[in-house]
1. For 51, 16, what's the fewest-to-most ordering of other Cβ within 10 Å of each Cβ?
2. Test of understanding: what is the full-extension gain from residue 6 to residue 217, defined as 0.36 nm times their sequence separation minus their Cα-Cα distance?
3. Angle between the Cα long axis of helix 130-162 and the longest principal axis of the chain, 0 to 90 degrees, nearest 10?
4. May I ask you to sort 205, 273 by Cβ crowding, counting other Cβ atoms within 10 Å and putting the fewest first?
5. Of the candidates 226, 100, 178, which one comes out as most mobile in a Gaussian network treatment of the chain with C-alpha springs shorter than 10 Å?
6. Compute the projected area of the convex hull of the Cα atoms of the chain, averaged over all viewing directions, and report it in nm² to one decimal place.
7. Run the quick spin-label model on residue 235 and residue 132: label points 7 Å from Cα toward the beta carbon, then report their separation in nm to one decimal.
8. Evaluate the Kirkwood expression for the hydrodynamic radius of segment 124-257, namely the inverse of the mean inverse distance over all pairs of different C-alpha atoms, and round to one decimal in Å.
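A short reminder: the numbers here are calculations on the coordinates, not readings from a lab. Source: prediction; values computed, not measured. Backbone-built Cβ (ideal geometry, glycine too); neighbour counts: all protein chains shown.
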């Protein structure tokens, strides 16, 4: 346990000591927020308003029993405000996941740096099991991912309140915190497995750029998953990061969805959830929270085991 704590502390201190790493992590977060608000925010708001309009027209043509409507009173004057709050909540959830990925892979760069400078060899000859070594790097990255994800949520919530939205409730905050921890573990385990294949800093940089570029698409941040080809949607449903993003969005937007589509057919929420990738399907079945938890936690354990096997091979090869 002492060795584990020492390596974790060392990794965090070395990373945070590099002011450029911290600065560019925050900078990327702010850039993504501004891009989403300026370029994609209004587009998504118009999409919500269009769906509301279509549902209004549908209800004029054929009356729908009350039990098939979203609870609440229909108030068209609040459509624009509710749509904006819904979209901002969706964006916050996506940014939280993407920034968690960015900070995690940034910390995991420590391993490739240690590999290239020979410091990892020192760990190999020390009386430390490969499982402890892998756990130390993973836990360090998980801690950093959680910290930056929480900072993202706080900054985003401030922006949401300033723009007319409401602060999340305590119950919602607890759920978000739990999902941040689960996503950090699942994502970091997967990223560690990938980055453990890199033996040099340049190789790690290539992997890092590739992962960070794809993260916005895999999590549905840049392109709604619902408009992607069917084959792509089926593949994404098995990726832990995609499931984590979908679950986070579902939790973040629960209240906003009910307020936006109040008095409209429940089908409106179903259509919007499928379009934005909040409802992912494996086969013909929508993934439930328990299915998502099993996939994310199980994949995290699997990739840690595979990483330990890779580290053992490195140990033998480098002797």
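1. Details: 51 19, 16 13.
With the fewest neighbours first, 51, 16 line up as 16, 51.
2. Details: separation 211, 0.36 × 211 = 75.96 nm, distance 3.64 nm.
Here the segment from residue 6 to residue 217 would lengthen by 72.3 nm.
3. 30 degrees
4. On the way: 205 13, 273 19.
Going from least to most buried by this count: 205, 273.
5. 178
6. Values: hull surface 71.0 nm².
The directionally averaged projection comes out at 17.7 nm².
7. 4.1 nm
8. Evaluated on segment 124-257, it is 17.0 Å.
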